[in-house]
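Below you'll find the structure, written out as C-alpha cells, and then a few comments.
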Amino acid sequence: MNDVKNTPGKQLPLPGEVFDLDGNTAFLITPPRSDTADVNPIPWVWYAPTLPGLPGAEEAWMFTQFLHEGMAIAGIDVGESYGSPAGRASFTAFHQELTEVLGLSSKACLFARSRGGLMLYNWAVEHPDCVASLAGIYPVCSPASYPGAETAEPAYGLTTDQFIEELPNH
C-alpha cells in the first residue's frame, strides 16, 4: 500500500487491517479468500464515519453478512469533516488506494451512518462513476440541520454567514 503503515489503536468489530493513509487512519476487512476466489475485483462497502470508536461492535452482525456475500468493508477517518472539500479529497485518495493499489472494485457501495451521510454523499456527487449504490442508517444530509452551521463551518474554512450562503454549492 502506498504510504501505508500499521496504525495501532483502532479497534475493529471483526478482524481486519488498520493502516495509515496520508495521516488518516483507515481500515479494510476482507472476506475469506474462498468467498472471493472467482470475484475480481472484490466488491466493497465503504462505511463512514470511522471516527474513534467507529465502526462499533454493534456493526459486527451486519459486517458479517457483507463478508458472507463476498464483500469487503472499508473506511477512513477524516475527522469531523462534515463533507468538506478537504475531507472529500482524503476520500478520493482512499478510493484510489483501495481500487488502484489493492484491487477492489472501482464502484463502492456507500454506507453512511449518521454524519457519514454528509461525508459519503457529498463525495458521491463529485464521483458518481465510483458509486455502485447508496445506503444509510439515519444519514445526515444537511450540515445546516446537523451539526448546525456554526459547528460545520470551520471544516469548510468559512464564516457562518459565508457557509450558509455557500451551502447550496457544497
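Scan the stretch 22-81 for residues that are surrounded by fewer than 16 Cβ atoms within 10 Å (Cβ to Cβ), of a type in the set (Val, Ile, Thr) and assigned to a helix (DSSP H, G or I) and jot them down. Passing the criteria: only Thr64.
Of the set (1) of a type in the set (Gly, Ala, Ser); (2) touching a residue at least 40 places away in the same chain (Cβ under 8 Å); (3) open to solvent by 10 Å² or more (accessible area, probe 1.4 Å); (4) in a loop (DSSP other than H, G, I, E, B), all apply to Ser142 but (2).
Entry remark, the stretch 146-162: residues being under 21 Å from the mean Cα position of the chain (by Cα) and loosely packed, with under 13 Cβ neighbours inside 10 Å number 0 in total.
Tally time: how many residues in the stretch 115-141 are among the acidic types (Asp, Glu) and within 22 Å of Leu51 (Cβ to Cβ)? Spell out the reasoning first.
Let us first name the residues in the stretch 115-141 that are among the acidic types (Asp, Glu), namely 126, 129.
From the residues that got through so far, the ones that are within 22 Å of Leu51 (Cβ to Cβ) too are 126.
So the answer is 1.
Can you find even one residue in the stretch 92-106 that is open to solvent by 30 Å² or more (accessible area, probe 1.4 Å), without any contact (Cβ under 8 Å) to a residue 60 or more places away in the chain and either closer than 18 Å to Val18 by Cβ or aromatic (Phe, Trp, Tyr) (or both)? Within the stretch 92-106, none of the residues are open to solvent by 30 Å² or more (accessible area, probe 1.4 Å), without any contact (Cβ under 8 Å) to a residue 60 or more places away in the chain and either closer than 18 Å to Val18 by Cβ or aromatic (Phe, Trp, Tyr) (or both).
Does Asp129 qualify as being open to solvent by less than 50 Å² (accessible area, probe 1.4 Å) and modelled with pLDDT of 95 or more?
Against the criterion (open to solvent by less than 50 Å² (accessible area, probe 1.4 Å) and modelled with pLDDT of 95 or more), Asp129 does not qualify.
Taking into account only those residues within the stretch 82-131 that are of a type in the set (S, T, N, Q) and not in a helix (DSSP H, G or I), which is farthest from Met62 (Cα to Cα)? Ranking the candidates gives Ser84 first.
Quickly run through the stretch 54-91 and pick out the residues that are hydroxyl-bearing (Ser, Thr, Tyr), more than 13 Å from the chain's Cα centre (by Cα) and over 18 Å from Asp22 (Cβ atoms). Spell out the reasoning first.
Here is the first cut: in the stretch 54-91, the residues hydroxyl-bearing (Ser, Thr, Tyr) are 64, 81-82, 84, 90.
Right, trim to more than 13 Å from the chain's Cα centre (by Cα) and you get 64, 84.
Scanning the stretch 54-91 gives a single hit, Thr64.
The values are calculated or read from the model by the stated rules, or taken from the named source; none is laboratory data. Remember, predicted model here, so these are calculated numbers, not experimental data. We place every Cβ from the backbone using ideal geometry, glycine too, and count neighbours over all the protein chains shown. Only protein heavy atoms, including side chains, enter the accessible area calculation; ligands, DNA and RNA are left aside. Shrake-Rupley method; radii C 1.70, N 1.55, O 1.52, S 1.80 Å.
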